[in-house]
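A.B. asks: My structure is below; once you've seen it, I'll send some questions.
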Amino acid sequence: MIQIQPIRGAFGFSHLITETHGADTRAILIDACPGCTPRKLSALFGKLGIRPGDLCAIQLTHAHFDHCVNAADIRRGAA
């Protein structure tokens with residue numbers, strides 16, 4: 001099953017796309033807007049039953065501040 005979860009930030013949205021096959025889950029984050037903090041993402045992971053290690057990619061649509069500001073912090077937390 002594929003799910004798309006919007007994450008509202010102060011300046012726009014990020015989106016978490018998850019794909020689940022049985023017990024296996026993979027997640028991709030589209031953009032890392034200012035409101036998509038590691039803490040907020042961790043809470044969303046808990047709500048959705050996703051482990052931080054399930055985040056396999058962060059896709060940035062372009063290099064504007066409001067799309068990429070939290071990418072490095074999120075990636076460090078998922079490693």
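Bear in mind that the values in this text are calculations on the coordinates, not laboratory data. All figures in this text were calculated on a predicted structure; none of them were measured in a lab. Cβ placement follows ideal geometry from the backbone for every residue including glycine, while neighbour counts extend to all protein chains displayed.
A.B. asks: Which three extents, in angstrom, do the Cα atoms of segment 1-44 have along their principal axes, listed largest first?
C.D. replies: Each principal axis gives a Cα extent; for segment 1-44 these are 35, 16, 11 Å.
A.B. asks: In debye to the nearest 20, how big a dipole does the chain give about its Cα centre with +1 on each Lys and Arg Cβ and -1 on each Asp and Glu Cβ?
C.D. replies: Numbers: 8 positive and 6 negative charges, 48 e Å.
It works out to roughly 240 debye.
A.B. asks: Can you tell me what the convex hull of the Cα atoms of the chain projects to on average, as an area in nm²? Write out the running numbers ahead of the final one.
C.D. replies: Details: hull surface 18.2 nm².
About 4.6 nm², averaged over all directions.
A.B. asks: Could you work out the relative contact order of the chain? I mean the mean sequence separation of Cα pairs under 8 Å and 6+ apart, divided by the number of residues, in percent.
C.D. replies: Details: 145 pairs, mean separation 22.7, N = 79.
RCO, the chain: 29 percent.
A.B. asks: Could you give the angle, 0 to 90 degrees to the nearest 10, between helix 38-48's Cα long axis and the longest principal axis of the Cα atoms of the chain?
C.D. replies: The two axes meet at around 30 degrees.
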